[in-house]
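Data first, discussion second: the structure below is written as structure tokens.
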Amino acid sequence: MYQETFQKIIDYRRSNRKFDADVPVPEEVINRSLERAILSPNSSNMQLWEFYWVHSTEMKTAFVPLCLDQSAAKTAQEFVVFVTRQDLWRKRAAWNLARIQETITGEADKLQKGGTDYYKKVIPLVYMNDPFGFLSMFRRLLCFIMGIRKPFMRFGGRSDQRVMVHKSCALAAQTFMLSIAAEGFESCPMEGFDQKRVKRALGLPRGAEVNMIIAVGKGTEAGVWGPRFRLPSNEVIFSV
């Protein structure tokens, strides 16, 4: 039913590095795309992300050098900065727990009890850290012991936590770009930026990290650097 429409969006979406300066992006396009990004899948519904729409002329001008004067940055009509907020895990876990508790009207059923225990016990075990790394060692030991006889999630230190929250944020960024394409505009995800200065410009705390910055506008032919080519399917797709 939807496959043809989705295929058109996939084919249409290209990273465009030079936008038309005379074609603005309507605010409602960005708003709708950000609302759609919120619906993206993410680990444990923790939603450890924030999206910063760089909209004012002053901030957009300031972001050009922060994005290393890339062509996409110089010509972008809008920027959206995708940020991970691993430091907010306690707040987001409490939010999820409250949503579950709102559904309990009498005695909690099995699913409700499982959800309550998950956000009270499992999530703290996954996200808590200490200055000496004892919790990371405990998690690695637990995974080793539990994984001896059966499959078990292999999870340890801060790097595993960072990868997890960045994966979720990247899924949201992809949803946003597909939405922008569906709206008839183009985008360019940028990894070339000064993270420290971007965080300072946005007033982000130490625990926040920039996942990527996406430039948005009406693309031009000059902004597409040649035909799209990918590795042959048989080199990356396997049936086992």
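Before moving on, here are some points about what is shown:
- Qualifying residue in segment 102-110 (condition: crowded, with 18+ Cβ neighbours inside 10 Å and either of a type outside the set (Val, Ile, Thr) or part of a helix (DSSP H, G or I) (or both)): no
- When GLN86 is tested against (1) over 22 Å from the mean Cα position of the chain (by Cα); (2) surrounded by 15 or more Cβ atoms within 10 Å (Cβ to Cβ), just one condition goes unmet, and that condition is (1).
- Residue count, segment 201-240 (criterion: of a type outside the set (Phe, Trp, Tyr) and either in contact (Cβ under 8 Å) with a residue 12 or more places away in the chain or in contact with a helix residue (DSSP H, G or I) (Cβ under 9 Å, 6 or more places away or on another chain) (or both)): 24
- Only one entry in ASP160, ASP130 is without any contact (Cβ under 8 Å) to a residue 24 or more places away in the chain, farther than 22 Å from ALA73 by Cβ and exposed (fewer than 15 other Cβ atoms within 10 Å of the Cβ), namely ASP130.
- Residues in segment 21-47 that are surrounded by fewer than 17 Cβ atoms within 10 Å (Cβ to Cβ) and part of a loop (DSSP other than H, G, I, E, B): ALA21, ASP22, VAL23, PRO24, PRO26, LEU39, PRO41.
- Subset of segment 144-157 that is in contact with a Lys or Arg (Cβ under 9 Å, 6 or more places away or on another chain) and exposed (fewer than 15 other Cβ atoms within 10 Å of the Cβ) - its residue that is nearest to GLU50 (Cα to Cα): GLY157
- In segment 48-83, residue surrounded by the fewest Cβ atoms within 10 Å (Cβ to Cβ) [restricted to those that are touching a Lys or Arg at 6+ places or on another chain (Cβ under 8 Å) and β-branched (Val, Ile, Thr)]: VAL64
- Scanning segment 129-148 for residues that are among the small types (Gly, Ala, Ser), within 24 Å of ASP87 (Cα to Cα) and not in a helix (DSSP H, G or I) yields one hit, GLY133.
- Residue-level check: of (1) of a type in the set (A, V, I, L, M); (2) surrounded by 14 or more Cβ atoms within 10 Å (Cβ to Cβ); (3) part of a loop (DSSP other than H, G, I, E, B), VAL165 misses just (3).
Readers should treat all values here as calculations from the given coordinates under stated rules, not as data from a laboratory. These numbers were taken from a predicted model, which means no experiment stands behind them. As a convention, Cβ positions derive from the backbone with ideal geometry for all residues, glycine included, and neighbour counts pool all protein chains shown.
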